[in-house]
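**Q** One structure follows; several queries about it will come next.
The values are calculated or read from the model by the stated rules, or taken from the named source; none is laboratory data. All of these numbers come straight from a predicted model, not from anything done at the bench. We place every Cβ from the backbone using ideal geometry, glycine too, and count neighbours over all the protein chains shown.
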Amino acid sequence: MGKAEASPPAMERAGVVRGMPLEISLDELLRVSRDAATQPAIRAAAEWAIARALELAEPAGVYRWVPVVRLEGGVLVLEGGHALHVGEKADLLRPAREVLAFAETIGPKLEEEVRACFREGRALEGYLLDCAGVLALSRAGDYFRRMAEEEAARRGWGVSLFTAPGSLVGWPLHGQQELCALLDLEAIGVTLSPRYVLYPGKSASGLIGIGPGFQARKVESPCRFCQIADTCWRRRA
């Protein structure tokens, strides 16, 4: 379900993107319930949740390309004096000549409806709508994965894994402050709380490196390095 996929435009050094195409798979959403195959009510609620998520989501993102100066001691030093304390897995970015820093959101409307569902005693619908929102946010992030892949291909380079504070082992959530300092969050209606959480809740940040030393041509998930890899229902192989 959803709109046809679109390719990112030729690279600009920084910018704002709105209306990124979203696609949510029913099978992927049904992974959240072991009983989905035997419970028609769960499947019907999931179908409703996907349709409603696509109605409520207002995807937007902001990005910036920044050249890499050096990597030392788990710290990625960028042009302009910016430093990202990536930590013990920083070597995943060692071949990077440039990084694409970005943040995306699907806006507040979906979460507002999730809260309304729970207030009205519609727990199943609320839960599945919330999960559909997680998937919609991931699809918004796919836009920036394609942006990195296409720019790397244009230069004959490869790409890193997708990385983000709070998910990559060794890069704690407070790393959001350093990463988001590179971005104009206000342009997409996103704020960073004193506890380093993005608001609206269905918002996320990320970082992808490109360079001639990377072998991969597609941006892959860092699931095997994630702090919740053993429990995440969305884990990708």
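**Q** Condition first: part of a loop (DSSP other than H, G, I, E, B), surrounded by 14 or more Cβ atoms within 10 Å (Cβ to Cβ) and touching a helix residue (DSSP H, G or I) at 6+ places or on another chain (Cβ under 7 Å). Now tell me which residues in segment 209-224 satisfy that.
**A** Here is the first cut: in segment 209-224, the residues part of a loop (DSSP other than H, G, I, E, B) are 212-222.
Then drop every residue that is not surrounded by 14 or more Cβ atoms within 10 Å (Cβ to Cβ), which leaves 214, 219-222.
Matches in segment 209-224: V219 only.
**Q** Exactly one condition in (1) at pLDDT 95 or above; (2) over 24 Å from H82 (Cα atoms) is false for L185; which is it?
**A** Against the list (1) at pLDDT 95 or above; (2) over 24 Å from H82 (Cα atoms), L185 comes up short only on (2).
**Q** Follow-up question, since we're still on this one. Among L84, L76, L100, which is the only one that is assigned to a strand (DSSP E or B), within 15 Å of the chain's Cα centre (by Cα) and not charged (D, E, K, R)? Spell out how you get there, then give the answer.
**A** Working: L84 fails: within 15 Å of the chain's Cα centre (by Cα); L76 fails: within 15 Å of the chain's Cα centre (by Cα).
Exactly one of L84, L76, L100 is assigned to a strand (DSSP E or B), within 15 Å of the chain's Cα centre (by Cα) and not charged (D, E, K, R), namely L100.
**Q** Under the condition of being part of a helix (DSSP H, G or I) and over 20 Å from L137 (Cα atoms), which residue from segment 29-73 is modelled with the lowest pLDDT?
**A** Within segment 29-73, the first condition is being part of a helix (DSSP H, G or I), and the residues that meet it are 29-32, 36-38, 40-56.
Remaining after also requiring over 20 Å from L137 (Cα atoms): 36-38, 40-44.
Values: A36: 67, A37: 60, T38: 70, P40: 87, A41: 89, I42: 91, R43: 91, A44: 94.
Within segment 29-73, the match that is modelled with the lowest pLDDT is A37.
**Q** Taking R234 as meeting all but one of (1) surrounded by fewer than 21 Cβ atoms within 10 Å (Cβ to Cβ); (2) at pLDDT 95 or above, write down the number of the exception.
**A** Every condition holds for R234 apart from (2).
**Q** Of all residues in segment 6-15, which are modelled with pLDDT of 90 or more and surrounded by 13 or more Cβ atoms within 10 Å (Cβ to Cβ)?
**A** Taking segment 6-15 and keeping what is modelled with pLDDT of 90 or more, we get 13-15.
Those that are modelled with pLDDT of 90 or more and surrounded by 13 or more Cβ atoms within 10 Å (Cβ to Cβ): A14, G15.
**Q** Further, regarding this structure: Can you run down the residue pairs with Cβ atoms below 8 Å, 6 or more apart or on separate chains, where the first is in segment 67-79 and surrounded by 14 or more Cβ atoms within 10 Å (Cβ to Cβ) and the partner is in a loop (DSSP other than H, G, I, E, B) and of a type in the set (G, A, S)?
**A** V68/A96; L71/A96; G74/G87; G74/G170; L76/A96
**Q** Consider S138 against the criteria (1) out of contact with any Gly (no Cβ under 7 Å at 6 or more places or on another chain); (2) crowded, with 24+ Cβ neighbours inside 10 Å; (3) more than 21 Å from A41 (Cα to Cα): it satisfies all of them except one. Which criterion is unmet?
**A** (2)
**Q** Say whether the condition of being exposed (fewer than 14 other Cβ atoms within 10 Å of the Cβ) and either within 28 Å of P200 (Cβ to Cβ) or at pLDDT 95 or above (or both) is met by at least one residue in segment 88-102. Give the steps one after another, and end with the answer.
**A** In the first step, residues of segment 88-102 are kept if they are exposed (fewer than 14 other Cβ atoms within 10 Å of the Cβ); the result is 88, 91.
Subset that is either within 28 Å of P200 (Cβ to Cβ) or at pLDDT 95 or above (or both): none.
No, segment 88-102 contains no residue that is exposed (fewer than 14 other Cβ atoms within 10 Å of the Cβ) and either within 28 Å of P200 (Cβ to Cβ) or at pLDDT 95 or above (or both).
Here is a yes/no grid of residues against (1) crowded, with 20+ Cβ neighbours inside 10 Å; (2) touching a residue at least 12 places away in the same chain (Cβ under 8 Å); (3) part of a loop (DSSP other than H, G, I, E, B):
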position	(1), (2), (3)
M147	yes, yes, no
E151	no, yes, no
L173	no, yes, yes
Q177	no, yes, no
L182	yes, yes, yes
Y196	no, yes, yes
A204	yes, yes, no
L207	yes, yes, no
